[in-house]
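The values are calculated or read from the model by the stated rules, or taken from the named source; none is laboratory data. Quantities reported herein were computed from a predicted structural model and do not represent experimental measurements. Methodologically, a virtual Cβ is constructed for each residue, glycine included, from the backbone with ideal geometry; neighbour enumeration extends over all protein chains shown. In case anyone asks, the SASA skips ligands and DNA or RNA and just uses the protein heavy atoms, side chains included. Shrake-Rupley method; radii C 1.70, N 1.55, O 1.52, S 1.80 Å.
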Amino acid sequence: MIGGIYPTICLINHSCLPNAHNSWNSDTKGETIHAIRHINAGEEITISYDKGGPSDSRRTHLKDAFEFDCNCSVCSLPLPELQIIDARRLQIQYLDDAIGDPNRVMERPDDCLADCHSLLQVLEEEFHRGASIARLYYDAFQMSITHGDQARASVFAERGYKSRVICEGGG
Ligand SMILES: [Zn+2]
């Protein structure tokens, strides 16, 4: 892993529901920030430092790695609403793990693609846009290539590319 400190970017706060995505641009040799949802005038720009999962595991990670207690718009929701979001984040984690199992990809490709579809729906519902959607299309692309499904592979490649451009620019 490559780490870096960027004088402006390190001032951007974390949110568990960020409105922007940061990525390294190897062409310009600089870190870039792209909006992944509409940002109102005066609204704080936020990126995600967390590794996903429900609020308790995000909070533990953020405390351990970055030494702060997350009080973002998600983490400060009343408990009943937070529990609904936690259930969705757990489902995302579960589907992500299932899709990442290489044996299952080889043995039950149709189940894996069905999981990709379910995961896409939850991710879009939860985040609208983001890097995890681009990565998911890439996973689906690789699964299709592995099983010789060129037609699906090219659809997923194109959608993955468009999602990536939203997060990282280019195109
Ligand atoms: Zn949070």
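Note down, for the stretch 19-116, the three equivalent ellipsoid semi-axes (square root of 5 times each alpha carbon gyration tensor eigenvalue), biggest first, whole angstrom. Mind dumping the intermediate values first?
On the way: eigenvalues 152, 94, 41 Å².
For the stretch 19-116, the ellipsoid semi-axes come out as 28, 22, 14 Å.
List the relative contact order of the chain as a percent without decimals, with contacts defined as Cα pairs under 8 Å and 6+ residues apart.
Values: 205 pairs, mean separation 37.3, N = 171.
Relative contact order of the chain: 22 percent.
May I ask you to derive the FRET efficiency for Asn71 and Trp24 from their Cβ-Cβ distance with R0 = 35 Å, giving the value to the nearest 0.05? Write down the numbers at each step before the final one.
Values: r = 28 Å, r/R0 = 0.80.
Approximately 0.80, to the nearest 0.05.
Return the lysines within reach of Lys29: Cα separation strictly under 24 angstrom, same-chain partners fewer than 8 residues apart disregarded; answer none if there are no such residues.
Lys162
Taking the chain as a Gaussian network, Cα atoms linked when under 10 Å apart, which of Ser132, Ser76, Ser15 shows the biggest mean-square fluctuation?
Answer for the Gaussian network model of the chain: Ser76.
Sum -39500 (n - 2.57) across every DSSP H segment of at least 4 residues in the chain, then divide by the residue count to get the 222 nm mean residue ellipticity, nearest 500.
Details: 6 runs with 93 residues, N = 171.
So the calculated ellipticity at 222 nm is -18000 deg cm²/dmol.
Suppose all protein chains stay in the model; what accessible area per residue would a 1.4 Å probe give for the chain, in Å²? Mind showing how you got there, number by number?
Details: 10470 Å² over 171 residues.
In whole numbers, the chain has 61 Å² accessible per residue.
Which whole number of Å³ per residue matches the convex hull of the alpha-carbon atoms in the chain? Walk me through the intermediate numbers first.
Numbers: hull volume 24.3 nm³, N = 171.
Each residue corresponds to 142 Å³ of Cα convex hull volume.
I'd like the carbon and sulfur percentage of the solvent accessible area for the stretch 34-79, probe radius 1.4 Å, heavy atoms only, ligands and nucleic acids excluded. Provide the component values of the computation, followed by the final result.
Working: 1510 of 2870 Å².
With neighbouring chains kept in place, the figure for the stretch 34-79 is 53 percent.
For a quick check: with amide H placed at 1.01 Å from N, whose amide H comes under 5 Å from Asn13's, ignoring anything fewer than 5 positions away on the same chain?
For Asn13, the qualifying residues are Ile47.
Accessible area of the stretch 97-143 with a 1.4 Å probe: how many percent of it is carbon plus sulfur? Intermediate results must be reported in sequence, preceding the final value.
Details: 1190 of 2520 Å².
About 47 percent, which is the carbon plus sulfur part of the accessible surface.
Among the lysines, which have Cα under 26 Å from the Cα of Lys63 when same-chain residues fewer than 8 positions away are ignored?
Straight-line reach from Lys63, under 26 Å: Lys51.
Heavy-atom accessible area of Leu90 with all protein chains present, probe 1.4 Å, nearest 10 Å²?
90
Can you figure out the FRET efficiency of Asp97 with Lys162, using R₀ = 22 Å and their beta-carbon distance, to the nearest 0.05?
Details: r = 26 Å, r/R0 = 1.16.
It comes to 0.30.
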